[in-house]
1. Per 5 Å bin from zero, what fraction in whole % of the C-alpha pairs of the stretch 37-179 is there, up to the bin with the longest pair?
2. Just need the Rg to Rh number for the stretch 158-219, please, alpha carbons only, Kirkwood Rh.
3. Among DSSP beta bridges lying fully in the chain, give the percent that are antiparallel, nearest 5.
4. Consider all pairwise Cα distances in the stretch 292-385 and report the whole-number % of them above 18 Å.
5. Note down, for the stretch 189-333, the three equivalent ellipsoid semi-axes (square root of 5 times each alpha carbon gyration tensor eigenvalue), biggest first, whole angstrom.
6. Residue by residue through the stretch 69-80, what is 3J(HN,Hα) from phi via Karplus (6.51 cos²θ - 1.76 cosθ + 1.60, θ = phi - 60°)? Round to whole Hz and write x for glycine and proline.
7. Need one word for the stretch 58-122: rounded, prolate or oblate. Basis is the Cα gyration tensor (sqrt eigenvalues a ≥ b ≥ c); a/c below 1.5 gives rounded, then a/b vs b/c decides.
8. Taking a 1.4 Å probe, which of TRP336, TRP299 shows the most accessible area, and what order do the others take after it?
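The values are calculated or read from the model by the stated rules, or taken from the named source; none is laboratory data. None of these values were measured; they are calculated from a predicted model. We place every Cβ from the backbone using ideal geometry, glycine too, and count neighbours over all the protein chains shown. Side chains included, ligands, DNA and RNA excluded: accessible areas come from the protein's heavy atoms. Shrake-Rupley method; radii C 1.70, N 1.55, O 1.52, S 1.80 Å.
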Amino acid sequence: MAFLDGPAGSQVPSSVIDAISWYYRTCNANARGEFATSRRSDRLVREAREAGAAFLGAPSWREISFGQNMTTLTFALSHALMREMKPGDEIVITQLDHEANRGPWLHLRERGITVREVAMRQDGTLDPEDFARQVTARTRLVAIGLASNLLGTVNDVPLARRLASEVGAWLLIDAVHHAAHFPIDVQALDADFLLCSAYKFYGPHIGLLYCRPGLLDRLRTDALRTQDPEAPFRIETGTPNHAALAGVKAAIEYIASWGTGATLREQVVSAMTAIAAYEHEVARHYAENARRIPGVTVWGPDFSTTRRAPTVSITVEGVPADIVARRLGDEALQVWDGHFYAARAIEILGLAERGGVVRTGICMYNLREEIDRLLEALGRIASGQ
């Protein structure tokens, strides 16, 4: 079986499964108790934050918050940022983004906030001139994805940072898709907020939120009066999933084990750089050969630049996306069909009525031989066999 469905959640290594099991077997206790297993849980949560900081290049563990998933954290953040805005203030989102980085901001229109949208071009990239037009003196937040889970586009975040800085706006980055394929440095990106999800990079279903040092402490978050009022805790509601946090730490250490360096951060960067290069070549092989199959259209930027995530979406002329995916699934080739919550981008491309696209996602465990099997199967489907 070829697991080519990584953008919807990667496979999980044994070390991560073992870490989750280890937690339940050795220290299944709530936090901040005056006994051994609770202290062990406290230590684990701190270590998970430290690992998250190393993974994202954050200054310290104090900038790393956890939540049920990226979407839940983004909604929580939208509630807090709403309290810092007034009717007529503006938020900029993009047509390319996942709904998790659109919906929470679109909901704020009910509070009088204006939401402006950056146009996506037919090649799957954002229009930089339109981006500059959408950011105005009333902009309070620019929310942008680092990489598209639909088309593999890596967005021009330095442009977003410059435009946001010129008007004094916050920059929020959705790095869910990017985090699985490239090293991230939140300080180099100069992000105010950055979110990602561990289940995309070989871990369990947990969302991570980075906030610029000192910023979260100034926001009025939804919280019970018993919640720790300091960052990174103040945006975390209820008891965290300690066992899953053990898995997050183990997933980051698993990635680091493929790299070199004296620190966990150096090992992560080394590993992710090598993983990115490998995945790029496998995905390029698929995209370039898929384009040669009569009746197959490959969507999104080409692979002439390394600024391209290893996620390739196609359509087959005359065959709905779900039928293509089903045929491939019957041959143990696991790919996704649909819009993958990037529904606005699918609408802009005119593909909604066709059931979206067929998406293949390359992860570090995928082989070129699997891609060759996929290409052969696509050739048969496109030719009507």
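1. That works out to 2, 9, 17, 20, 19, 14, 9, 5, 3, 1, 0, 0, in percent per bin.
2. 1.01
3. Here the share of antiparallel DSSP bridges comes out near 55 percent.
4. 44 percent
5. Here the semi-axes work out to 38, 21, 16 Å.
6. 6, 5, 4, 4, 5, 5, 4, 4, 5, 5, 5, 5
7. oblate
8. TRP336, TRP299
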